[in-house]
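These notes concern the structure reproduced below.
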Amino acid sequence: MATTLTSQYLALFHLDSLPGNQFSRLIKQFGSIRAIAEASTAELSAMGLDCEQIEAVRKIPAVTNLPRKTEQILDWLACSDSHQLVCYEEVLYPSLLREINCPPPVLFLVGNAAALLKPQLAIVGSRHASTTGKQIAFWLAKELASRGFGISSGLAAGIDSQAHRGALSVDATTVAVMGTGADRIYPQANSTLAKQIQCKGALISEFNLGSPPAAAHFPRRNRIISGMSLGVIVVEAALKSGSLITARQAMEQCREVFAVPGAINNPLTAGCHRLIRDGAKLVDSIDSILEELDPLLSFQLAHIKGNSGDLHQLFAPVNRSGLGEDEITLLKAVGFDGCHMDTLVMQSKYDVQTVNTMLMGLEVKGFVSRKAGRIMQLTTPLQEEPD
């Protein structure tokens, strides 16, 4: 059963005399439905509302008769525990998304709403990505997710899909921001992927149920992808692409923007090169991303812990290495010049069996390799993954 707050948001969401962007501006300015209703006539007039609109919003807190289109949403919410509506003033609403100029007042959600609390990194790129681009997107998502980040993207073909799959490969959370209603999957080819995302993360949309994949929806979707994230990583993008729109919106929202470089004659990396030229951070390792995010990350984690009760305990803390203390110690002993097994045993002070066991784990995770009896540390492991 929907809460009173949900009903109030839906009533305002469906108020014919109030365009969606005005609802967004009102909730951003006043912070709650009650504060909007209690605002003075002068304050509401200053926000661009006419007399009819002012009268309508003041009636919202006492709303009893909901329009049929609102009841349809309430029916959708009631039919599954995984269907939720996350309102702007609720704890589960992404804290960073509240800060953007035009935050969506409500998010239709399918899946686990607590996934929205996790510090997010967005990975976006071309729908027509190269094999290498897909590998990089998968690997970046996998490595960042294993360190405790949630991965956000747009459920599109190509880079977006591989970003979601990379997070899922380590049983981590990922959030897909949709350009359709939350009850419609686009593209249809990603229906199976969408179901997998629901299990560990969430599908979210600001658009009403049944909304089609209209062209105008995707730039609006992109501002949510960037707005809820600490930073946006662009893997492959042509000079005219939606990914560059996301990156530009991220810059306007004061988010970090990262770009993966590529061959100078590859049109799919031309957009990334332009971003780097314009000030985006060049990605050449996981650390090149993490070192830029530390200040924002510390702020968001403090906010989550202060405002979401025990919900933050659902997630492991973000850590820079993704390794246990013993593995970090062993990796430091290997060094970037590499070493032989006997030297490693002596320097690490572990016995041979323990060193062998940990090395096997580090090899599987892609941190070391063994060549001609010598153990070498890897900095940018790539794995070929299926589409």
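List of remarks:
- Per-region count, the stretch 95-111, residues under 22 Å from Ser82 (Cβ atoms) and modelled with pLDDT under 95: 0
- Taking the conditions (1) free of Cβ contacts under 8 Å to residues at least 60 places away in the same chain; (2) out of contact with any Asp or Glu (no Cβ under 8 Å at 6 or more places or on another chain) in turn, Phe207 satisfies each one other than (1).
- Matching residues, the stretch 164-212, being touching a helix residue (DSSP H, G or I) at 6+ places or on another chain (Cβ under 8 Å), under 24 Å from Pro104 (Cα atoms) and assigned to a helix (DSSP H, G or I): His164, Ile197, Lys200
- Here Ala39 meets each of (1) without any contact (Cβ under 8 Å) to a residue 12 or more places away in the chain; (2) surrounded by fewer than 17 Cβ atoms within 10 Å (Cβ to Cβ) with one exception, condition (2).
- Scanning the stretch 109-154 for residues that are in contact with a strand residue (DSSP E or B) (Cβ under 8 Å, 6 or more places away or on another chain) and either in a loop (DSSP other than H, G, I, E, B) or without any contact (Cβ under 8 Å) to a residue 24 or more places away in the chain (or both) yields Asn112, Lys118, Pro119, Gly125, Phe149, Gly154.
- Taken together, the criteria place Leu121 among residues that are closer than 21 Å to Ala163 by Cβ and assigned by TED's automatic domain parsing to the domain that holds Phe258.
- Search result, residues across the stretch 181-203 that are within 15 Å of Ala157 (Cα to Cα) and in contact (Cβ under 8 Å) with a residue 24 or more places away in the chain: Ile185, Tyr186, Pro187, Ala189, Asn190, Leu193, Ala194, Ile197
- Listed here are the helices (runs of 4 or more DSSP H) enclosed by the stretch 1-108 that have at least 1 residues being within 20 Å of Met228 (Cα to Cα): 20-30.
Residue by residue, here is whether (1) within 24 Å of Arg184 (Cβ to Cβ); (2) touching a helix residue (DSSP H, G or I) at 6+ places or on another chain (Cβ under 8 Å); (3) surrounded by fewer than 14 Cβ atoms within 10 Å (Cβ to Cβ) holds:
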position: Thr6; (1), (2), (3): yes, yes, no
position: Pro19; (1), (2), (3): yes, no, yes
position: Gly31; (1), (2), (3): no, no, yes
position: Thr70; (1), (2), (3): yes, yes, no
position: Ile73; (1), (2), (3): yes, yes, no
position: Val86; (1), (2), (3): yes, yes, no
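- Just one of the listed residues (Phe149, Phe108) is of a type in the set (Phe, Trp, Tyr) and not assigned by TED's automatic domain parsing to the domain that holds Pro219, and it is Phe108.
- Take the conditions (1) surrounded by fewer than 24 Cβ atoms within 10 Å (Cβ to Cβ); (2) touching an Asp or Glu at 6+ places or on another chain (Cβ under 9 Å); Arg184 misses just one of them, which is (2).
- Failed item in (1) free of Cβ contacts under 8 Å to residues at least 40 places away in the same chain; (2) in a helix (DSSP H, G or I), with Ala157 passing the rest: (2)
- Which numbered condition Leu239 fails, given (1) in contact (Cβ under 8 Å) with a residue 40 or more places away in the chain; (2) over 24 Å from Lys69 (Cα atoms); (3) not in a helix (DSSP H, G or I): (1)
- Filter result for the condition that a residue is free of Cβ contacts under 8 Å to residues at least 40 places away in the same chain, more than 26 Å from Gly181 (Cα to Cα) and of a type outside the set (A, V, I, L, M), over Arg58, Arg68: Arg58
- Within the stretch 201-220, restricting attention to residues that are closer than 19 Å to His83 by Cα and within 20 Å of the chain's Cα centre (by Cα), the residue that is surrounded by the fewest Cβ atoms within 10 Å (Cβ to Cβ) is Phe207.
- If only residues of the stretch 25-48 that are polar (S, T, N, Q) and under 27 Å from the mean Cα position of the chain (by Cα) are counted, the one that is nearest to Leu5 (Cα to Cα) is Ser32.
- Of all residues making up the stretch 221-257, the number that are surrounded by fewer than 24 Cβ atoms within 10 Å (Cβ to Cβ) and either more than 21 Å from Leu96 (Cα to Cα) or of a type in the set (Asp, Glu) (or both): 7
The values are calculated or read from the model by the stated rules, or taken from the named source; none is laboratory data. In this text the structure is predicted, and so the values were computed from the model without any measurement. Note that we place each Cβ from the backbone using ideal geometry, even for glycine, and neighbour counts take in every protein chain shown.
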